[in-house]
Amino acid sequence: MTEPVKRPYDSSRRREQARENRRRILSAAHSLFVTRGYGRTTIADVAAEAGVAPETVYSAFKNKPALLHRAWDVAVGGDDQDVPLLERPEARALFAEPDLRARFAAFAVFNTAAMRRTARLHLAVRGAAASEPAAAAMLEEIDRQRLEAMTRHARAAAATGQLAVAEDECRDVLWSTTDGTLWHQLVERRGWSDERYAAWLGRLWVAALLP
């Protein structure tokens, strides 16, 4: 009697379902952290919003601080790919632009898009930092990462020989204008469009940093 042929187990569908669950969980967490606040959002809340069981959230992310960290990473990059922002093609194109005036203008557009994805979550983390140790740690990590990024931008700008200020001043100006506060004030509160904001930010950097 011929033995039935066993088909190899196809795990691709299960992996895709797991990825989809993670995306839904991260989207739900981002939304709830922004609207309800990090401290007032529970894993059960996230699970209900995402349409999964709380155990699914714990299985994917272990705990709420880890979920916050991953939600931030996805917001920064715009997707769930594990590619650092400065290693992505759009960022590489910025560093490749030889004219610093054009580079700052393009960087302002790039940063504005990032603020659209991250500013609300950044404000939520900042608001929770005083009472939530995990949020305070996340805020410190966010600022550290941004300072490292602006250090790279300033170093690359100085290397062109076109800066009118010291490299550390360029770094500090970029760092202080890219945390989402200006974007929130002008776009969210004063009704500017992203396009208007990006053009203004580019002019600000050119006026402050170039001859």
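The values are calculated or read from the model by the stated rules, or taken from the named source; none is laboratory data. Everything quoted here is computed from the prediction, not taken from an experiment. Because the Cβ atoms are built from the backbone with ideal geometry, glycine has one as well, and the counts that use them run over all protein chains shown. These accessible areas exclude ligands, DNA and RNA; they are computed on the full protein's heavy atoms, side chains included. Shrake-Rupley method; radii C 1.70, N 1.55, O 1.52, S 1.80 Å.
The figures follow:
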{"item": "Residue that is least open to solvent (accessible area, probe 1.4 Å) [pool: residues in segment 6-62 that are within 17 Å of G127 (Cβ to Cβ) and basic (K, R)]", "result": "R36"}
{"item": "Residue list for segment 115-146, filter: of a type in the set (A, V, I, L, M, F, W, C) and free of Cβ contacts under 8 Å to residues at least 40 places away in the same chain", "result": "A129, A130, A136, L139"}
{"item": "Top-ranked residue in segment 178-198 [being closer than 13 Å to F110 by Cβ and crowded, with 16+ Cβ neighbours inside 10 Å; ranked as nearest to the chain's Cα centre (by Cα)]", "result": "T178"}
{"item": "Selection from segment 124-150 of residues that are surrounded by 15 or more Cβ atoms within 10 Å (Cβ to Cβ) and of a type in the set (K, R)", "result": "R126, R146"}
{"item": "Filtered residues of segment 101-123 (kept if more than 15 Å from G202 (Cα to Cα) and open to solvent by less than 50 Å² (accessible area, probe 1.4 Å))", "result": "T118, A119, L121, H122"}
{"item": "Qualifying residue in segment 159-177 (condition: among the basic types (K, R) and in contact with a Phe, Trp or Tyr (Cβ under 7 Å, 6 or more places away or on another chain))", "result": "no"}
{"item": "Search result, residues across segment 82-100 that are closer than 21 Å to Y197 by Cα and either touching a His at 6+ places or on another chain (Cβ under 6 Å) or open to solvent by less than 40 Å² (accessible area, probe 1.4 Å) (or both)", "result": "A91, L94, L100"}
{"item": "Set V83, V57: member being modelled with pLDDT of 95 or more and farther than 21 Å from T177 by Cβ", "result": "V57"}
{"item": "Cβ pairs under 8 Å, 6+ apart, first in segment 16-33 and farther than 17 Å from Y58 by Cβ, second open to solvent by 50 Å² or more (accessible area, probe 1.4 Å) and part of a helix (DSSP H, G or I)", "result": "S31/E49"}
